[in-house]
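Enquirer: Please read through the structure below; I'll follow up with questions.
The values are calculated or read from the model by the stated rules, or taken from the named source; none is laboratory data. Here the structure is a predicted model, which means the values were calculated and not measured. Glycine also receives a Cβ, built like all others from the backbone with ideal geometry; neighbour counts cover every protein chain displayed.
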Amino acid sequence: MSSLQSVTVRDFTRYYQQCAEKIHALLEPLSDEQIWSRPYPYGNSIGHLLLHLTGNLSFYIGAEIGGTGYVRNRPLEFSDATRHPRATLLKNFDAAIATVIETLQKQTENEWDAPFAGKGLESAGNRFYAFLHCAGHISHHTGQMTYLCKELER
């Protein structure tokens, strides 16, 4: 029988990897121009959502738990006028996912309940909740990307 520790690490790892695969699949058929287009004036582009997810994971998991030293500029995630190519966006996102997985695999059983109070996520309380919150955050924005892709196909 597997321990709760090994199941938690295994299944969080699997979930984050599946999210990355889904995002890769969504972006694969899109041109760089489509990635940066905004079908709705009130929304974000897929590119900005991907910058945001990369920043979110790099900060909350990478810097706050993993100690990477990443410094976040959250407003720039939504306003960056540099239209980074798809390959660059995905490379940076994949690096953030790799950091999440590496950090997950280093967690000991006692660290899941260690205090967590990253700026903007002070209510998390502990590391487990931070990993869970970030997983939900990816899901939320992947849904937005899915909708934007459907709109771009029209």
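Enquirer: Consider ASN110 carefully, then state whether it is more than 13 Å from the chain's Cα centre (by Cα) and either among the aromatic types (Phe, Trp, Tyr) or at pLDDT below 95 (or both).
Expert: Values: more than 13 Å from the chain's Cα centre (by Cα): yes; either among the aromatic types (Phe, Trp, Tyr) or at pLDDT below 95 (or both): yes.
Taking the combined requirement at face value, the residue satisfies it.
Enquirer: Residues of the range 6-41 being closer than 24 Å to CYS134 by Cα, more than 16 Å from the chain's Cα centre (by Cα) and among the hydroxyl-bearing types (Ser, Thr, Tyr), which ones?
Expert: SER6, THR8
Enquirer: Let me confirm something: among LEU30, LEU57, LEU26, which residue is part of a loop (DSSP other than H, G, I, E, B) and more than 11 Å from LEU89 (Cα to Cα)? Let's see the steps before the verdict.
Expert: On the way: LEU57 fails: part of a loop (DSSP other than H, G, I, E, B); LEU26 fails: part of a loop (DSSP other than H, G, I, E, B).
One residue alone meets the criteria, LEU30.
Enquirer: Cβ-Cβ under 7 Å, sequence separation 6+ or interchain: first residue in the range 126-143 and over 17 Å from GLN18 (Cβ atoms) and modelled with pLDDT of 95 or more, partner in a helix (DSSP H, G or I) and of a type in the set (Asp, Glu). Which pairs?
Expert: Sorted first by the residue in the range 126-143, then by its partner, the pairs are ASN126/ASP113; ARG127/GLU111; PHE128/ASP113.
A quick yes/no check of all residues on (1) buried (at least 18 other Cβ atoms within 10 Å of the Cβ); (2) closer than 30 Å to SER2 by Cα; (3) in contact with a Leu (Cβ under 8 Å, 6 or more places away or on another chain):
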residue: SER58; (1), (2), (3): yes, yes, no
residue: PHE78; (1), (2), (3): no, no, yes
residue: THR82; (1), (2), (3): no, no, no
residue: ALA98; (1), (2), (3): no, yes, no
residue: PHE131; (1), (2), (3): yes, yes, yes
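Enquirer: Of all residues in the range 101-123, which are in a helix (DSSP H, G or I) and surrounded by fewer than 13 Cβ atoms within 10 Å (Cβ to Cβ)? Lay out the reasoning, then the answer.
Expert: Initial filter on the range 101-123 (in a helix (DSSP H, G or I)): 101-106, 109-113, 122-123.
Selection gives GLN105, LYS106, GLU109, ASN110, ASP113, GLU122, SER123.
Enquirer: Do you know which residues across the range 34-54 are under 22 Å from HIS24 (Cα atoms) and either in a loop (DSSP other than H, G, I, E, B) or of a type in the set (Ser, Thr, Tyr) (or both)? Full working, then the answer.
Expert: First, pick out the residues of the range 34-54 that are under 22 Å from HIS24 (Cα atoms): 34-39, 43-54.
Matches in the range 34-54: SER37, ARG38, PRO39, GLY43, ASN44, SER45, THR54.
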